[in-house]
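J.: Before I ask anything, let me first share the structure, which is written out below as structure tokens.
The values are calculated or read from the model by the stated rules, or taken from the named source; none is laboratory data. Given the structure is predicted, the values throughout are model-derived calculations rather than measurements. Here the Cβ positions follow ideal geometry from the backbone for every residue, glycine too, while neighbour counts run over all protein chains shown.
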Amino acid sequence: MGWNLVGDRKSDGSAINITGNGRNRNNPEDVLLATLIHMQANTISGSFSGTKVESFWEIKVPNGIYDVTASVGDGYVGSAPEFHSLNIEGVNVINRFAPVGKEGSIGRFKAVTSRIIVNDEKLTITADGGTNTKINYVNIVPYSLSSYLFWGKGNQNLIVNAGSKDVSTFSIPLGSSNNQATSYAVSASYTGASSNWLTFTPSQTGVQPEVFFNYSATKNLPIGNYKAVITAKAPQFTSSTFIVQINVVDSLRPYVISSSPANGATKVPLNLVSIAANNLHVPVAAGYHGGVDNSTITNNTVKLFKLVDTSYIEVPGVVQGTGGGDAISISPSATLDPNAIYKFVITSGVKSYANIPFVPYEMTFTTDAAQVDSVGSFKRSVYQGTHCRNTE
């Protein structure tokens, strides 16, 4: 979700970073109107500070009806032609609006509120039909949400001993919010080189079927982490997903059993002090001190990443162990960003005192939304020498 590149045939596109296409004109006073992002920079002739592409924006939402307010325009009076168009879920809501008036005047902007139906769990905004369209802001308010599916349990974090002869299964009930769904389609999407290590019946029937999953095949996979996203769909219902992460381990090597936050955790506080693997399996080795060798816990062997567009960017932090050698953690150097996905990684460079490397481990979590101070007030100030703008 986010910004996507428009293909030659208006395809679904691919994720793109167009941060450089954003502008702050510092005029008018309202920051929602003073800021914008170029959706059709490809229509600008001459030089342009940014990426010359046409892009569209998407956000994942439950199926339903939404009241969507969007604004286009530019407070700067330039020479480049601009006819702003917006389409939301294929509905044209602004058609080739041409700004008029002096710099920063209200005639240079147009905002509309439209009632939009979403049936594919993605609210999409395009600039089709426009020239040099610039969007200022969008506000999405649910009006009436559709019924939804749900899994009776959350994410599954499982450990499998390599070469085990055990049969490994689990089951989760599947249902709908109004108990009207009776036919479900279940699918799995795998991350990494290995796939199809999870077996289940794709077609499920009944008001609330118990869905059985068999992951015995993972015992034959190389030592490491494996993840699958399980999705349930039904016509006219918002889908539901959960994550299965398998950690294939060697019982003779140290490995992480669990961490805090838990893998797949959501609404993690932004002021989180540390991310820690605090439940470890470290085999006893005769003649060696038990636990983790803290000297092997470094910024090269323990890392934290944040997902930005489609890439993980390393997050600075302080890594540490404990006096008892029973945890591996990292403390971020700054407050975590809201609504962001982070990945905590421990490599085989971390070792026990017996010099045995850990089985590699990784987990992801999502942070909470930013807290809005509804009591305080905001006052905008412009200081001489700091007032600047890009006039493209």
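J.: For the stretch 54-70, indicate whether the set of residues that are charged (D, E, K, R) and out of contact with any strand residue (DSSP E or B) (no Cβ under 8 Å at 6 or more places or on another chain) is non-empty.
T.: No, there is no match, as no residue in the stretch 54-70 is charged (D, E, K, R) and out of contact with any strand residue (DSSP E or B) (no Cβ under 8 Å at 6 or more places or on another chain).
J.: Please pick out the residue among SER260, SER240 that is outside the structural domain of TYR190 (by TED's automatic domain parsing) and surrounded by 15 or more Cβ atoms within 10 Å (Cβ to Cβ).
T.: SER260
J.: Right, next: How about the stretch 332-353: which of its residues are surrounded by fewer than 20 Cβ atoms within 10 Å (Cβ to Cβ), modelled with pLDDT of 95 or more and either basic (Lys, Arg) or over 14 Å from LYS306 (Cα atoms) (or both)?
T.: Of everything in the stretch 332-353, those that are surrounded by fewer than 20 Cβ atoms within 10 Å (Cβ to Cβ), modelled with pLDDT of 95 or more and either basic (Lys, Arg) or over 14 Å from LYS306 (Cα atoms) (or both) turn out to be LYS343, THR347, SER348, GLY349, LYS351.
J.: VAL282 is checked against (1) of a type outside the set (D, E, K, R); (2) touching a Ser or Thr at 6+ places or on another chain (Cβ under 9 Å); (3) closer than 16 Å to GLU362 by Cβ; (4) surrounded by 15 or more Cβ atoms within 10 Å (Cβ to Cβ) and fails just one. What number does that condition carry?
T.: (3)
J.: Then there is this: Out of the residues in the stretch 203-222 that are under 15 Å from PRO235 (Cα atoms) and loosely packed, with under 11 Cβ neighbours inside 10 Å, which is nearest to the chain's Cα centre (by Cα)?
T.: Within the stretch 203-222, the subset under 15 Å from PRO235 (Cα atoms) is 203-207.
Within this subset, residues satisfying the condition of being loosely packed, with under 11 Cβ neighbours inside 10 Å are 203, 205.
Details: SER203: 28, THR205: 31 Å.
So, considering only residues that are under 15 Å from PRO235 (Cα atoms) and loosely packed, with under 11 Cβ neighbours inside 10 Å, the one nearest to the chain's Cα centre (by Cα) is SER203.
J.: Residues of the stretch 131-151 being among the aliphatic types (A, V, I, L, M) and over 30 Å from THR241 (Cα atoms), which ones? Full working, then the answer.
T.: So in the stretch 131-151, the residues among the aliphatic types (A, V, I, L, M) come out as 135, 138, 140-141, 145, 149.
Passing the criteria: only ILE135.
J.: Within the stretch 11-57, can you find the residues that are assigned to a loop (DSSP other than H, G, I, E, B), touching a residue at least 24 places away in the same chain (Cβ under 8 Å) and basic (Lys, Arg)?
T.: Answer for the stretch 11-57, where residues must be assigned to a loop (DSSP other than H, G, I, E, B), touching a residue at least 24 places away in the same chain (Cβ under 8 Å) and basic (Lys, Arg): just ARG25.
J.: Separate question: ALA80 passes all but one of (1) in a loop (DSSP other than H, G, I, E, B); (2) within 23 Å of ASP309 (Cα to Cα); which number fails?
T.: The number of the failed condition is (2).
J.: Within the stretch 313-325, track down each residue that is surrounded by fewer than 17 Cβ atoms within 10 Å (Cβ to Cβ) and either of a type in the set (Val, Ile, Thr) or at pLDDT 95 or above (or both).
T.: Start the filter on the stretch 313-325 by keeping residues that are surrounded by fewer than 17 Cβ atoms within 10 Å (Cβ to Cβ), which leaves 313-314, 316, 318, 320, 322-324.
Matches in the stretch 313-325: ILE313, GLU314, PRO316, VAL318, GLN320, THR322.
J.: Right, here's the next one. What single numbered condition from (1) outside the structural domain of ASN24 (by TED's automatic domain parsing); (2) surrounded by 13 or more Cβ atoms within 10 Å (Cβ to Cβ); (3) among the hydroxyl-bearing types (Ser, Thr, Tyr) fails to hold for SER189?
T.: Against the list (1) outside the structural domain of ASN24 (by TED's automatic domain parsing); (2) surrounded by 13 or more Cβ atoms within 10 Å (Cβ to Cβ); (3) among the hydroxyl-bearing types (Ser, Thr, Tyr), SER189 comes up short only on (2).
J.: Given (1) surrounded by fewer than 18 Cβ atoms within 10 Å (Cβ to Cβ); (2) modelled with pLDDT of 95 or more, where does ALA15 come up short, assuming only one miss?
T.: Tallying (1) surrounded by fewer than 18 Cβ atoms within 10 Å (Cβ to Cβ); (2) modelled with pLDDT of 95 or more, ALA15 fails exactly one: (2).
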